[in-house]
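Below is one structure, written out as structure tokens, with a few remarks after it.
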Amino acid sequence: MSVAIASLAVFAVSQVGTPGPANMAMMATGARFGFRAALPFVAGVALGKQLIIWPIGFGLMQLAEQAPLLFTLLKFASAAYIIWLAWKVANLRLGQGHETENAPGFAAGLIVHPLNPKAWAMIVGSFTAFVTPGTPTLAATATVAAVLLCCQAILHPLWTLAGAGIAKTVAGTIWEKYLMWFLATLTVASVLFVLFGGGA
């Protein structure tokens with residue numbers, strides 16, 4: 001009765017570190033507002049995953065089995081929300097609105113993962129693949145929560161920093177528009193892959 005922590009950590013790095021709706025949102029926020037201004041949003045995104053981990057650990061997926069249509073509708077509603085965010089990203093320009101527009105804050109980041117189908121798939125996969133049946137619920141959930149949070153604390157700021165670095169290079173150039181559309185396209189592609197491609 002245990003959690004395969006090493007294997008879980010490798011899985012977590014592969015999932016948290018690869019492109020997905022949350023990473024694209026943080027990259028776009030870093031590109032738009034700069035690394036430092038984006039940090040409250042990043043912190044909200046990281047802690048928002050905990051809002052999914054603990055309910056899943058304590059049996060939320062049993063409810064999903066009893067009401068599969070409800071969870072399917074929730075999945076597509078969440079995907080629609082993230083695609084709407086991608087549309088907003090596509091129409092942002094790096095050099096406009098800094099004086100009058102504030103970066104999204106902690107609360108905005110907090111809801112990203114609860115509305116992120118990749119996050120749900122990742123967390124369910126963490127419990128089903130790396131937790132031995134019979135492991136105490138609290139121990140299993142706390143371990144999964146800690147491993148994912150550690151990975152997020154390292155990798156989420158890197159995505160945001162990458163966005164800020166890219167923005168410094170392209171802001172005010174002809175490539176700026178293409179960068180924002182590229183980030184938006186990656187966001188939409190990651191959502192569609194999770195919905196229809198069976199990815200995590």
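The table that follows gives values for the structure above.
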| read-out | value |
| --- | --- |
| Residue within segment 78-95 that is part of a helix (DSSP H, G or I), modelled with pLDDT of 75 or more, within 21 Å of residue 37 (Cβ to Cβ) and not acidic (Asp, Glu) present | no |
| Counted residues, segment 162-200 - those being modelled with pLDDT of 80 or more, surrounded by fewer than 17 Cβ atoms within 10 Å (Cβ to Cβ) and under 26 Å from residue 50 (Cβ atoms) | 1 |
| Test: residue 138 is among the aliphatic types (A, V, I, L, M), exposed (fewer than 15 other Cβ atoms within 10 Å of the Cβ) and modelled with pLDDT of 85 or more | yes |
| Considering residues of segment 118-135 that are under 17 Å from residue 20 (Cα atoms) and among the hydrophobic types (A, V, I, L, M, F, W, C) only, the residue surrounded by the fewest Cβ atoms within 10 Å (Cβ to Cβ) | 124 |
| Helices (runs of 4 or more DSSP H) within segment 3-48 that include 2 or more residues more than 18 Å from residue 166 (Cβ to Cβ) and out of contact with any Leu (no Cβ under 7 Å at 6 or more places or on another chain) | 5-16, 35-48 |
| Flag if residue 44 is surrounded by 13 or more Cβ atoms within 10 Å (Cβ to Cβ) and modelled with pLDDT of 85 or more | yes |
| Output for segment 3-36, where each listed residue is of a type in the set (S, T, N, Q), touching a residue at least 12 places away in the same chain (Cβ under 8 Å) and closer than 12 Å to residue 186 by Cβ | 23 |
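The values are calculated or read from the model by the stated rules, or taken from the named source; none is laboratory data. Predicted, not measured: the structure shown is a model, and the values here were computed from it. Backbone-built Cβ (ideal geometry, glycine too); neighbour counts: all protein chains shown.
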